[in-house]
Amino acid sequence: MLIFIVSIIITFLTVFVFKKFLNNNNSNNQQDNDNSVNNKLKKEIINTNKSIDNSNNNNNNNNNNVVDSSNSVDNKNNEKINNPLENDNKYKEEFLKFKNRFSKNNEYGYNGAIDLELRNHYSGNDDDDQFPKLKDIIYFDHTASTLPSKNQIKNISSNFLNNIYCNPHSINPIGLKTKESVDSIRELILNHFNAPYKQYSVIFTSGCTDSLKKVGEYFPWSENSKFYYSLEAHNSLLGIREYACEKGASFQSISSLYFKNNSFSDIMEIIEGDQLSASKKSDDSQVSYSLFGFPGQCNYSGSKYPLSIINQIQKKFKNVKVLLDAASLVGTSPLDLSKYPADFITISFYKMFGFPTGLGALIVKNDSSSILNKVYFSGGTVNASMAQERFHVHRDNIAAKFEDGTIDYMNIISLKEGFDQLERLGMENIQSHTFSMVQWLKEEISKLTHSNQMPLCLLYTDNHYKDPNKQGAIINFNLLRSTGEMVGYNEVEKLASLSNIFIRSGCFCNPGACHGYLNLTKSDIEEHLKEGHICWDDKDILNGKPTGSLRLSLGYMNNFEDLYKFVEFLKTNFINDHEKSRVYGVSTCGNRDKNKNKMNYLLNNQKLNSSGINGGIGIDIPQNESDNESESENEFGGGGACDDESGLQSDSQSDSSVELSEIYVYPVKSCSGYRVTNGKWELVASGLKYDREWTIIDQSGNYLNQKKLPILALIQTDIDLISDKLVLTAPEMKPISISLSYYPVSAFDQIQVCGDKVDGLLYGDKDFNSATQIDNVTNWLYQFTGKKCYLVRKAPESFRKSKVDDSNKISFANESPYLLINEESVKDLKERIYSDNPNSDKSEWNWISKHSFRANLIIKGGKPYQEDLWSQFQLISDNEENNQGNGGGSPSITATKHPLLFNLVGDCNRCKMVCINQKMGIEEREPLTTLSKYRRSNGKIIFGQHLNLSDSILNIINSNNSIGNGGSSESSTSLPTPVFINVPSKIKVISERY
């Protein structure tokens, strides 16, 4: 027992002593740690002080390098980036000229804030750059929608993260707070436009268009009313005309020239005559109102309308209300409602500061709101209503009366940050800044000429850009070739986007201005509609006339660097100075007369690139045939003196080395191609059998291509003729097969493809069963793409007409039955891509290959681009005589009896489809960027040739179809004779395009 007690005491003492030791040790360690932290902190403070001293010393020595020894990561993040234009003396010279001419009183740049706070891309400090994405792109579409600043978005997000808002119709504390916030925004808007106290109300809408629609819908039209509007008004303003006409009112368009007369005498005479006539017809007890609508600034040309017309109309005509469409004006110009008190003002906020979208306002003069006749009522708009009787009482508050349902209160609250941004800069300063730039830009592009002194730009304007009260920050124009012909706006916009310059093209929803400046008559418009031209398509020139133009609109954050780069873009891509001498497909020696004919053909058909950077089909005018002799030897394989046998050789020699090397069938439009491996493939009326016979559509029935859904490039196709299967495979997906001979029965629809309609059969539930042995392709596509889409097959008897030769049939193909490219041309293109991208490794461009161009027929041998010169060629196969049909039954057409002749019917116009990386399923910038520099023809970027079959072969194919359908007059024992194309085959050029 004693021993047990002693052992317990010893254990207790041991634990006690150990615990005390441990505590002392921890205390010492903590003290050491504290001392270490204190020492480290002292050291950092000393270093920081040294850093500050160094920085101050460096600043005193005019050195901008700031030393920060405390954080190497910060050093990396704040490292100054070199501006590529810093060492560009030409740029510096132009900038100095610009400031001396158009910014003598510091109109440009907000006293340096444009480069120090808004667009300081190169400081290394993110806080100095409010528009970081503009470092690599140039954005010139601010009239359509401007851009929000970084702080604007950041502050909006911070507000919503730190505050709770709810439906302002709720009377709980959060709802009341939300209503107060919304009302404060109304006051902010009225203050911004300097609206007189208690004379205006703000009605929130979904945008300017909705605001205009509300005025038209609620206005008290009568048979004695008239709707006056500027001829150069936006469609959203013109649309009010329909409300007026529905109620029996009349309308009168007014030429913009009448607005330029300061006395407005012509306008006053028009209104006065109408009002006098109306007063004679109307009952004295009945008041009739008319509406006068016009834009503060033309969204087409940027021409500003004199706002003093508002005062004159209101002073003279009490029953004529004035509607001001201010959407285009207020993004870069001030508007003072105390000076120009229009009755109705419409705006869109995204045009002012970029965010939020889908939100606008109708600013109503209070004493004019009473005439608006609102029929519909909704939640929040009435004081009382009854369900069993037709009874309701609208709210007295103007905004509450006209804002149906719950307003977009979150986005309304976010407007504060946008207005704060404008107020910081000042609208007068924004106007001065943007106008100084648009003055310089107008003058510079007006001076640009081709080498023959033909002007490059045709401007559409009604003033000389001298007065910011008459002209806004917009330039509208078209480009001219050295021949005086118009360059299609689609070509310019496409090339600009390849250079990361984003502009706007078309008519800009302003038919009066567009048709007036372009001199388009009603018959022209009707003819354009017959040709299939509609708004927003790419038909930019029809019957020699442009269907639209180009618009550059500046925003408050644009800088001189943007303008300078755009002018350089025009010089590089559109001024034709004919300085290059490299020739492809045409020798500079050999048969001189023949080559002269070829060159004349190319020149007469505008095959030269209008930029002068290698010709439109790889051909430019040789400046001196003795120049670059060694280069000529390398290009054409001839050295030393030339004779009649060298250079461009005779047909029998020139095409002996060229052969058809591969055939590709693209069964599903925009999916990968199937390479023909059995040496031959059957031809049908629409081209290669099964080519583009299937397509994929979305839930709206629109076909999907790789531009819309790049991942389609990863879907591989395989055609198994023996098992009668089309097999689709994709990464990490189980293969799915579809019968080639089966046509779906689930649904029928007309599919829109490239502006045409073709009958399509949709695979659906009725087709996915054991009897058809077709897997559920809809689910398969959804699993792979993540989008609900459907596979559609072309109906057997449904065809479209070829876009390049309407005598030929096509299925879901874009333009023609066949497309041909030359491997030598692809190789030349890749060499140019390497040259144009010297800072990138060649391996980065491995994905660009013949597959990028999705051609059916691949040829190899010969010279790059020589296929551009062909008019017709024949395919000659070694084993043509022994060809057999698929089942070994009927013999195919042989070259001996029926030569397999192809006609070249047009250059293939290229779009961004070729920029889809077929290996990764993503969009890149090449090869279209490089192609645009030397492969331009008639407003298009071209690569490859469209083909069709000769009539003799096509007639045989059509006859086969007739026999197969039982429609032949021959005996029932007659069998179709299929026509096959063989690979490889030799190419014999029959004729050329000259």
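The values are calculated or read from the model by the stated rules, or taken from the named source; none is laboratory data. All values reported here derive from a predicted model rather than from experimental measurement. Using ideal geometry, Cβ is built from the backbone for each residue, glycine included, and neighbour counts are taken over all protein chains shown. What goes into the accessible areas is simple: the full protein's heavy atoms, side chains included, and nothing from ligands, DNA or RNA. Shrake-Rupley method; radii C 1.70, N 1.55, O 1.52, S 1.80 Å.
For this structure, a couple of remarks:
- Residue selected from segment 547-594 under the condition outside any strand (DSSP E or B), farther than 16 Å from I475 by Cβ and in contact with a Cys (Cβ under 8 Å, 6 or more places away or on another chain), by the criterion modelled with the lowest pLDDT: S587
- Restricting segment 769-778 to residues that are open to solvent by less than 40 Å² (accessible area, probe 1.4 Å) and assigned to a loop (DSSP other than H, G, I, E, B) leaves a set whose member that is nearest to K725 (Cα to Cα) is I774.
- Selection of segment 390-447 for residues being of a type in the set (D, E) and touching a helix residue (DSSP H, G or I) at 6+ places or on another chain (Cβ under 6 Å) yields E417, E444.
- Residue within segment 523-541 that is more than 30 Å from N111 (Cα to Cα), touching a Pro at 6+ places or on another chain (Cβ under 9 Å) and either of a type in the set (D, E) or open to solvent by 10 Å² or more (accessible area, probe 1.4 Å) (or both) present: yes
Listed here are the residues, each with its yes/no results for (1) without any contact (Cβ under 8 Å) to a residue 40 or more places away in the chain; (2) touching a helix residue (DSSP H, G or I) at 6+ places or on another chain (Cβ under 8 Å); (3) open to solvent by 40 Å² or more (accessible area, probe 1.4 Å); (4) part of a helix (DSSP H, G or I).
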residue	(1), (2), (3), (4)
F204	no, yes, no, no
E217	yes, yes, yes, yes
N224	no, yes, no, no
S263	yes, no, yes, no
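- Tally, over segment 375-398, of residues that are closer than 22 Å to F219 by Cα and among the acidic types (D, E): 1
- Candidates T772, T778: the one that is over 19 Å from N705 (Cβ atoms), in the same structural domain as E732 (by the TED database) and of a type in the set (S, T, Y) is T772.
- S871 satisfies every condition listed in (1) modelled with pLDDT of 90 or more; (2) in a loop (DSSP other than H, G, I, E, B) except (2).
- Where strands (runs of 3 or more DSSP E) fall wholly inside segment 344-410, the ranges with 2 or more residues that are under 22 Å from A144 (Cα atoms) and touching a strand residue (DSSP E or B) at 6+ places or on another chain (Cβ under 6 Å) are 344-348, 360-365.
- The requirement of being at positive phi and either modelled with pLDDT of 55 or more or not charged (D, E, K, R) (or both) is not satisfied by N105.
- Output for segment 670-704, where each listed residue is surrounded by fewer than 19 Cβ atoms within 10 Å (Cβ to Cβ) and closer than 14 Å to T785 by Cβ: D698, Q699
- Test: residue in segment 497-509 that is open to solvent by 60 Å² or more (accessible area, probe 1.4 Å) and more than 30 Å from E926 (Cα to Cα): no
- The lone exception for K198 - which of (1) in a loop (DSSP other than H, G, I, E, B); (2) buried (at least 21 other Cβ atoms within 10 Å of the Cβ) it fails: (2)
- Of all residues making up segment 235-261, the number that are at pLDDT 95 or above, open to solvent by 40 Å² or more (accessible area, probe 1.4 Å) and either in contact with a Leu (Cβ under 8 Å, 6 or more places away or on another chain) or not assigned by the TED database to the domain that holds C298 (or both): 0
- Qualifying residue in segment 86-95 (condition: at pLDDT below 90, open to solvent by 100 Å² or more (accessible area, probe 1.4 Å), within 23 Å of F566 (Cβ to Cβ) and not β-branched (V, I, T)): yes
- Taken residue by residue, segment 693-714 has no member that is over 18 Å from V792 (Cβ atoms), modelled with pLDDT under 90 and part of a strand (DSSP E or B).
- Against the list (1) over 24 Å from I953 (Cβ atoms); (2) open to solvent by 20 Å² or more (accessible area, probe 1.4 Å), the condition F799 fails is (1).
Yes/no matrix, rows are residues, columns are (1) among the basic types (K, R); (2) in contact with a helix residue (DSSP H, G or I) (Cβ under 7 Å, 6 or more places away or on another chain); (3) closer than 23 Å to K416 by Cβ:
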| site | (1), (2), (3) |
| --- | --- |
| G109 | no, yes, no |
| N120 | no, yes, no |
| N163 | no, no, yes |
| K179 | yes, no, yes |
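Results for (1) open to solvent by less than 20 Å² (accessible area, probe 1.4 Å); (2) at pLDDT 95 or above, shown as yes or no for each residue.
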site: N77; (1), (2): no, no
site: H121; (1), (2): yes, no
site: G124; (1), (2): yes, no
site: I156; (1), (2): yes, yes
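- Verdict on S451 being over 21 Å from T143 (Cα atoms), in contact (Cβ under 8 Å) with a residue 24 or more places away in the chain, assigned to a loop (DSSP other than H, G, I, E, B) and open to solvent by 60 Å² or more (accessible area, probe 1.4 Å): yes
- Test result for H392, open to solvent by 70 Å² or more (accessible area, probe 1.4 Å) and either under 30 Å from K154 (Cα atoms) or without any contact (Cβ under 8 Å) to a residue 60 or more places away in the chain (or both): no
- Total residues in segment 803-817 satisfying the condition of being surrounded by 17 or more Cβ atoms within 10 Å (Cβ to Cβ), in a loop (DSSP other than H, G, I, E, B) and over 26 Å from the mean Cα position of the chain (by Cα): the figure is 4.
- Tallying residues that are surrounded by fewer than 16 Cβ atoms within 10 Å (Cβ to Cβ) and of a type in the set (G, A, S) within segment 395-418 yields 1.
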